[in-house]
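Worksheet: one structure, shown below.
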Amino acid sequence: MEQSEQKHTTPVSLLVDAILVILFFVFMFGVLQKHVPSNDPHMIKLWGALAAACMSGVFWLAWQMFKQVFRAQRAAKK
């Protein structure tokens, strides 16, 4: 069983990944700001951004796993 050396990372895929993660970060930042228990606007932005950054990292990992599984399923059908 020989595996082909196929490059899966392209500049377009990196751009799509970056755009999706940035959009997810912005969305989660907006949602999480409302849930920070503080009256200080700087603290609200800080903790909203830190929480959104952690969640964006998890989103990025999930997106990468989704792409790999989808690619493997497509290859198995061929």
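The values are calculated or read from the model by the stated rules, or taken from the named source; none is laboratory data. Values in this document were obtained by computation on a predicted structure and should not be read as measured data. All Cβ positions, glycine included, derive from the backbone under ideal geometry; neighbour counts span all protein chains shown.
Within the stretch 25-38, identify whether any single residue is surrounded by 12 or more Cβ atoms within 10 Å (Cβ to Cβ) and under 20 Å from K7 (Cα atoms), and answer yes or no. Within the stretch 25-38, none of the residues are surrounded by 12 or more Cβ atoms within 10 Å (Cβ to Cβ) and under 20 Å from K7 (Cα atoms). Return the pair list, or none, for Cβ contacts closer than 7 Å from residues in the stretch 27-39 that are in contact (Cβ under 8 Å) with a residue 24 or more places away in the chain to residues that are of a type in the set (S, T, Y), at least 6 apart or on different chains. Here the result reads M28/S56, each pair linking the stretch 27-39 to a residue that is of a type in the set (S, T, Y). Which one of I44, I19 is surrounded by 11 or more Cβ atoms within 10 Å (Cβ to Cβ) and modelled with pLDDT of 95 or more? Exactly one residue qualifies, and that residue is I44. Among the residues here, F25 qualifies as modelled with pLDDT of 95 or more, of a type outside the set (K, R) and farther than 19 Å from H8 by Cα. I19 fulfils the conditions (1) farther than 21 Å from Q68 by Cβ; (2) of a type in the set (V, I, T); (3) in a helix (DSSP H, G or I) except for a single criterion, (1).
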